[in-house]
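The values are calculated or read from the model by the stated rules, or taken from the named source; none is laboratory data. Quantities reported herein were computed from a predicted structural model and do not represent experimental measurements. Don't worry about glycine lacking a Cβ; one is built from the backbone with ideal geometry, like all the others, and counts go over all protein chains shown. Accessible surface is based on the protein model in full, side chains and every heavy atom, while ligands, DNA and RNA are left aside. Shrake-Rupley method; radii C 1.70, N 1.55, O 1.52, S 1.80 Å.
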Amino acid sequence: MDNDLTIWTLDWVPEGPRGFVRDLRLRWACEEAGLAYTVRTIPFEGRETNHLSRQPFGQVPYLDDGELKMFESGAGLLHLARKSEKLMPRDPVGEAETMQWMIAALNSVEMVTVPWWFLGLSGAKDNGLDGWVQSRLDHLEVVLSDREWLAADRFTAADLLTADILRIPKVRSYGERPATENYVARVTDRPSFRKAHADQLAHFAAADEQRPAAG
């Protein structure tokens, strides 16, 4: 068991983001791989500037592995995948398939769904990114209609990352995509996801007790 892993996240967030803050990706990966880890926090207040020396964009999570320190959830996830064959196969083909789908999740899916989601918050009837999102999700539906897992014929970090992106409620409910829905349900039913998700919710709920009452 690894005992030098530290996942950094915020000490508190409002109700809306709970269960979706991206430290969950690293928690989930550690749970899948059986890697021991601790969670440490930075203050929610001043988060835009209070940890720029560790994360130049003022975001979370970031990861410590002994003397190694890194930011970005995708980079952290790839680092953890390299530590455990449960997350990424060691044969060249399985490793390459896993990495390509991890990059695809970040560059071809999330980079479209996140701005689309933010535009939707404005309440505008016509979201100019609808067609782009639909195209990406439709292509993914075709892939998932033909296979159970994205890489190596088994669960990998590619499935962890892709399912985490697709489980965003607005994305998950967009259109009729039965293969995608079955995929997300199957992946998020894994005990490791359920534990990581519950632990994140408990972490932020406990922080409520430490905050001053409103008003």
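Region 179-215 and region 26-55 have Cα centres spaced 15 Å apart.
On a C-alpha basis, how far is the centre of region 56-84 from the centre of region 3-18 in Å? Whole number, if you could? With region 56-84 and region 3-18 each reduced to a Cα centre, they are spaced 13 Å. The alpha-carbon atoms of region 155-215, seen along their principal axes, cover 46, 25, 15 angstrom, with the largest extent given first. Restriction of the trypsin sites (Lys or Arg not before Pro) in region 23-128 to DSSP coil positions whose beta-carbon has at most 14 other beta-carbons within 10 angstrom yields Arg90, Lys125.
Rank these by accessible area, largest first, 1.4 Å probe: Leu35, Leu80. Mind dumping the intermediate values first?
Numbers: Leu35 25, Leu80 0 Å².
Largest to smallest exposure gives the sequence Leu35, Leu80.
A dipole drawn for region 1-122 from +1 and -1 charges on Cβ atoms has a positive end, and of Gly66, Gly34, Ser53 the residue lying farthest that way is Ser53. Ranking Ser108, Ser53 from most to least accessible surface, computed with a 1.4 Å probe over the protein chains only, gives Ser53, Ser108. Computing Rg and the Kirkwood Rh from the Cα coordinates of region 1-44 gives a ratio, Rg/Rh, of 1.01.
Can you tell me how region 1-75 classifies by the Cα gyration tensor, rounded, prolate or oblate, using a/c under 1.5 as the rounded cut? Don't skip to the end; give the middle numbers.
On the way: a/c = 2.07, a/b = 1.34, b/c = 1.55.
Because a/c hits 1.5 or more and a/b fails to exceed b/c, region 1-75 counts as oblate.
For Ile42, the residues whose amide H sits under 5 Å from its own are Thr9, Leu10, Asp11, ignoring neighbours fewer than 5 places away on the same chain, with H placed 1.01 Å from N.
Can you tell me what the convex hull of the Cα atoms of region 23-112 projects to on average, as an area in nm²? Kindly include the intermediate steps, with their values, before the conclusion.
Details: hull surface 26.6 nm².
Convex hull of Cα atoms, orientation-averaged projection: 6.7 nm².
The three principal axes of the Cα atoms in the chain give end-to-end lengths of 49, 48, 30 Å, sorted in falling order. Using a probe of 1.4 Å on the protein chains alone, the accessible area found for Val112 is around 0 Å².
The radius of gyration of the Cα set in region 94-161, together with its Dmax, comes out at 13.9, 43 angstrom.
For the chain, adding -39500 (n - 2.57) for each run of n ≥ 4 DSSP H residues and dividing by the number of residues yields -15000 deg cm²/dmol at 222 nm.
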